[in-house]
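First up is the structure itself, then whatever we jot down about it.
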Amino acid sequence: MEKIMTDKAPAAIGPYSQGIIAGDFFFASGQIPINPATGNVEGENIKEQAELVMKNIGALLDAAGTDYSHVVKTSCFLADMNDFAAFNEVYAKYFTEKPARSCVAVKTLPKNVLCEVEITAYLR
């Protein structure tokens, strides 16, 4: 297994890696709307926060040597399912290959953000 780290995505806020390559797959830890330059949560609404989450995911994919077109599975967590449609608007701009997905509402997310997304990508 190979740990993936980049300063272009938020540092882990707990005892975990930003991502791991195992065999032909890249597994990224869940990303929340933290600006990697400041360490602060940014975005006032679901669209703004989702955009930053997607940029963070893109930085991790790049560090792993891949891109959005190789993502095979996403897990999406929303603080409020009423944000589902607005979240999807942002999500659809990035995940154009339409990978498999789960999307659930949860009681609370780290730092009280509105969304979190984790991905699995195929590297070949």
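Conditions (1) among the hydroxyl-bearing types (Ser, Thr, Tyr); (2) in contact (Cβ under 8 Å) with a residue 60 or more places away in the chain; (3) loosely packed, with under 15 Cβ neighbours inside 10 Å, marked per residue:
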position	(1), (2), (3)
VAL41	no, yes, no
GLU44	no, no, yes
VAL53	no, yes, no
LEU60	no, no, no
TYR91	yes, no, no
PHE95	no, no, no
LEU109	no, yes, no
ILE119	no, yes, no
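Is it fair to say ALA63 is on the phi < 0 side of the Ramachandran plot, touching a strand residue (DSSP E or B) at 6+ places or on another chain (Cβ under 6 Å) and small (Gly, Ala, Ser)? Yes, satisfied.
Residues in region 16-42 that are closer than 15 Å to MET5 by Cα, assigned to a strand (DSSP E or B) and either in contact with a strand residue (DSSP E or B) (Cβ under 7 Å, 6 or more places away or on another chain) or charged (D, E, K, R) (or both): 9 in all. For TYR94, the criteria (1) in contact with a Phe, Trp or Tyr (Cβ under 6 Å, 6 or more places away or on another chain); (2) aromatic (Phe, Trp, Tyr); (3) over 19 Å from ASN56 (Cα atoms) hold in every case but one, which is (3). Taking the criterion of being closer than 19 Å to LYS47 by Cβ, open to solvent by less than 40 Å² (accessible area, probe 1.4 Å) and in a strand (DSSP E or B), the residues of region 75-89 that qualify are CYS76, LEU78. In region 46-53 there is at least one residue that is acidic (Asp, Glu), over 16 Å from LEU123 (Cβ atoms) and in contact with a helix residue (DSSP H, G or I) (Cβ under 7 Å, 6 or more places away or on another chain). Of the residues making up region 7-26, those that are more than 16 Å from VAL71 (Cβ to Cβ) and of a type in the set (A, V, I, L, M, F, W, C) are ALA11, ALA12, ILE13.
Scanning region 62-74 for residues that are part of a strand (DSSP E or B), open to solvent by less than 20 Å² (accessible area, probe 1.4 Å) and of a type in the set (A, V, I, L, M, F, W, C) returns a single hit, VAL71. Can you name every residue in region 19-46 that is over 14 Å from the mean Cα position of the chain (by Cα) and small (Gly, Ala, Ser)? Result: ALA22, GLY23, ALA37, GLY39, GLY43.
The values are calculated or read from the model by the stated rules, or taken from the named source; none is laboratory data. These numbers come from a predicted model, not from an experiment. Note that we place each Cβ from the backbone using ideal geometry, even for glycine, and neighbour counts take in every protein chain shown. With ligands, DNA and RNA removed, areas are computed over all heavy atoms of the protein, side chains included. Shrake-Rupley method; radii C 1.70, N 1.55, O 1.52, S 1.80 Å.
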